[in-house]
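Structure record follows, encoded as structure tokens.
The values are calculated or read from the model by the stated rules, or taken from the named source; none is laboratory data. Since we're looking at a predicted model, the values are computed, not measured. Quick reminder, even Gly has a Cβ in these numbers, built from the backbone with ideal geometry, and neighbours come from all protein chains shown.
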DNA sequence: AAATTCTACGGAAACGTTTGCATAAAACAT
DNA sequence: ATGTTTTATGCAAACGTTTCCGTAGAATTT
């Protein structure tokens with residue numbers, strides 16, 4: 001019924017609790033003979049160490065927390081995959097929390113994690129987080145944290161990102177090369193590092209063709225329905241001939257908006273987007289995407305975190321890791337024939 | 001630096017540890033006055049109870065585990081979302097594990113969870129799990145478990161599923177109504193409950209038109225590359241005019257296969273699939289899908305589990321919850337004009 | 001006034017580990 | 001033979017809670 005404890009093993013074998021404990025962790029001061037006996041019984045009774053007792057005693061839990069805005073997002077699910085791959089390798093466990101882009105929720109989660117619940121944190125900021133007061137206790141308590149993708153610039157912590165600025169620059173140039181004269185940037189949230197960087201790249205590219213290419217900025221929301229309305233309105237009124245979607249969901253909303261207006265992609269409007277959509281090539285038309293190395297970013301962030309956990313002393317771990325995205329050009333930005 | 005403990009609060013306030021503990025948990029035998037003092041100090045010092053100490057003492061952790069095959073799958077990410085919604089509401093924490101469709105890994109995860117690490121388990125079986133020996137200790141130790149989607153028929157535990165059989169029946173009839181005469185069923189893994197049920201629905205539908213409609217069975221793998229080859233081969237050799245993909249990834253592979261052979265959907269081959277793809281309507285052509293109520297299934301599974309946790313006695317919780325899927329017909333199964 | 005019940009709190013044991021320290025027995029050195 | 005080191009083990013204290021039990025003093029009843 002109830003689980004086997006070290007105490008039971010000790011009693012059964014007529015050994016002290018400490019001896020059994022040491023035997024199980026393969027301590028050098030236990031004879032090979034005793035170790036064998038202990039291990040044999042442990043196997044036989046299917047002994048599993050109590051994680052909570054162990055975590056309480058040593059002051060670490062072999063658990064990390066991943067805090068992300070949401071999971072119904074290809075990028076984040078691939079990141080998680082990468083994180084889990086590393087965690088599994090290191091025998092760590094992963095607690096997962098969603099902020100739903102909500103600062104309040106983000107604060108609550110962090111508040112909870114301050115109790116030593118986890119050894120470290122991997123985090124991507126919520127879209128509507130403007131105030132970062134709730135992040136300070138993390139540093140005060142010295143809990144290792146690594147930010148990925150949506151970083152917090154005002155906090156001194158390692159980050160793992162992709163080359164948002166450069167990719168945006170490249171992508172915008174591409175739009176201009178295929179003939180766009182009036183390009184709209186669809187922003188997901190001006191508080192997010194990624195959005196800022198991407199917009200900067202966009203604007204810098206536009207600036208190089210100053211006077212020849214017009215730019216538009218459309219701030220979007222977290223509500224898909226509302227986004228589609230916003231985009232539809234913009235398409236109808238401003239009539240841009242290019243759309244740069246900062247995130248996948250805005251590209252999808254754009255496709256729907258075009259469909260509702262009977263606009264043809266790419267003849268009337270060309271669209272590209274940061275996106276990890278697996279079906280990008282199967283869309284009608286295929287969507288030109290800037291593919292973020294999500295899986296690698298997850299692995300990388302986890303690796304940096306584990307480095308911090310393992311050698312707490314040497315504070316010279318990677319500060320800012322940047323992994324390059326790659327652009328795949330498809331029909332959505334093809335020059336009309 | 002280090003976290004605040006109850007002991008520190010007690011010393012500061014000249015109270016016994018037990019008094020502080022009781023005050024914090026709002027026990028009736030503590031005066032309102034004392035409670036107020038304790039709460040005030042706790043707030044001021046930002047006290048956070050140590051989760052491990054607490055979990056060790058009471059024998060519950062306020063944590064559940066979710067064991068799924070993978071996350072890069074729209075269905076599972078939506079399920080997780082539903083689970084997290086309920087967990088958050090109940091103030092529970094969620095540990096997440098991926099089996100990568102691997103029985104070995106599945107066994108390891110479960111092995112670990114036997115130590116009282118979690119209060120309950122939500123699980124969807126791995127694709128290549130044939131032997132369920134590793135599941136028995138869960139029942140022996142009395143750890144509450146709920147299976148969702150890919151259930152384990154041989155274990156007496158509550159399940160949350162969708163109406164796989166009926167939906168398959170309906171979908172297959174649809175394929176036949178739009179004129180398919182030779183329909184291939186793409187199987188993901190014959191060991192999975194969902195695959196069996198879906199195949200049965202498929203076969204039963206075919207049987208009603210016995211002699212008039214031919215059926216094909218293509219067992220697929222977990223490797224996308226390989227699947228595409230298998231499907232391409234089948235399309236080339238057997239020339240079916242309809243494909244029923246048991247899971248989303250096989251539909252995607254089918255689209256790619258058709259593209260590589262220059263086959264037109266739906267003119268040459270009609271395709272439908274169980275799928276939660278958000279972009280189904282934007283594909284070329286739009287994919288007819290049987291949408292599983294993933295989010296609701298997650299919420300439902302979590303709710304059943306929490307019911308088990310809360311009233312351990314009354315064993316009359318829902319045994320088998322079935323939530324209906326819905327079919328959305330799109331161009332991929334349209335009658336050619 | 002004595003006996004009883006409440007009220008509000010303290011002491012200490014427990015949850016299952018890990019680990020610093022102590023110590024018999026054995027091995028070795030003088 | 002005596003002293004010293006080594007080897008293998010045991011004892012007990014921690015980790016931070018929760019909770020059983022006990023008890024002064026106040027309040028109430030008889």
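Assorted remarks:
- Test: residue A:204 is surrounded by fewer than 23 Cβ atoms within 10 Å (Cβ to Cβ), within 27 Å of the chain's Cα centre (by Cα) and farther than 26 Å from residue A:73 by Cα: yes
- Pairs, first within 14 Å of chain A (Cβ to nearest Cβ) in segment B:30-48, second outside any helix (DSSP H, G or I) and within 16 Å of DNA strand C (Cβ to nearest atom), C-beta under 6 Å, six or more apart: B:48/A:115
- Top-ranked residue of segment A:1-23 - restricted to ones that are out of contact with any helix residue (DSSP H, G or I) (no Cβ under 9 Å at 6 or more places or on another chain) and within 14 Å of another protein chain (Cβ to nearest Cβ), ranked as surrounded by the fewest Cβ atoms within 10 Å (Cβ to Cβ): A:2
- Residue B:77 meets the conditions (1) crowded, with 22+ Cβ neighbours inside 10 Å; (2) more than 8 Å from every other protein chain (Cβ to nearest Cβ) in every case but one. The failed one is (2).
- Only one of the numbered conditions (1) out of contact with any strand residue (DSSP E or B) (no Cβ under 9 Å at 6 or more places or on another chain); (2) in a helix (DSSP H, G or I); (3) more than 13 Å from DNA strand D (Cβ to nearest atom) is violated by residue A:38, and that is (3).
- The single condition among (1) within 13 Å of chain A (Cβ to nearest Cβ); (2) more than 10 Å from DNA strand D (Cβ to nearest atom) that residue B:26 does not meet is (1).
Results for (1) crowded, with 16+ Cβ neighbours inside 10 Å; (2) more than 14 Å from chain B (Cβ to nearest Cβ), shown as yes or no for each residue.
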position	(1), (2)
A:117	yes, no
A:130	no, yes
A:134	yes, no
A:147	yes, yes
A:167	yes, yes
A:195	yes, yes
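- Among the conditions (1) in contact (Cβ under 8 Å) with a residue 12 or more places away in the chain; (2) in the same structural domain as residue B:173 (by TED's automatic domain parsing); (3) surrounded by fewer than 20 Cβ atoms within 10 Å (Cβ to Cβ); (4) assigned to a helix (DSSP H, G or I), residue B:250 misses just one, which is (3).
- Restricting segment B:14-34 to residues that are more than 7 Å from DNA strand C (Cβ to nearest atom) and at pLDDT below 95, the residue that is nearest to residue A:59 (Cα to Cα): B:25
- In summary, helices (runs of 4 or more DSSP H) completely within segment A:59-164 and bearing 1 or more residues that are farther than 23 Å from residue B:4 by Cβ and touching a residue at least 60 places away in the same chain (Cβ under 8 Å) occur at A:74-89.
- Among the candidates A:3, A:53, residue that is farther than 23 Å from residue A:108 by Cα and part of a loop (DSSP other than H, G, I, E, B): A:3
- Here residue A:240 passes the criteria (1) part of a helix (DSSP H, G or I); (2) within 20 Å of residue A:217 (Cβ to Cβ); (3) away from every other protein chain (no Cβ under 14 Å) except the one numbered (1).
- Of the residues in segment B:50-64, at least one is surrounded by 24 or more Cβ atoms within 10 Å (Cβ to Cβ) and either within 20 Å of residue B:248 (Cβ to Cβ) or away from DNA strand D (no atom under 16 Å from the Cβ) (or both).
- Scanning segment B:189-226 for residues that are under 23 Å from residue B:176 (Cα atoms), in contact with a helix residue (DSSP H, G or I) (Cβ under 7 Å, 6 or more places away or on another chain) and modelled with pLDDT under 95 yields one hit, B:209.
Residue-wise test of (1) more than 10 Å from every other protein chain (Cβ to nearest Cβ); (2) under 12 Å from the mean Cα position of the chain (by Cα).
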{"site": "B:69", "(1), (2)": "yes, yes"}
{"site": "B:82", "(1), (2)": "yes, yes"}
{"site": "B:93", "(1), (2)": "no, no"}
{"site": "B:98", "(1), (2)": "no, yes"}
{"site": "B:102", "(1), (2)": "yes, no"}
{"site": "B:105", "(1), (2)": "no, no"}
{"site": "B:110", "(1), (2)": "yes, no"}
{"site": "B:120", "(1), (2)": "yes, no"}
{"site": "B:141", "(1), (2)": "no, no"}
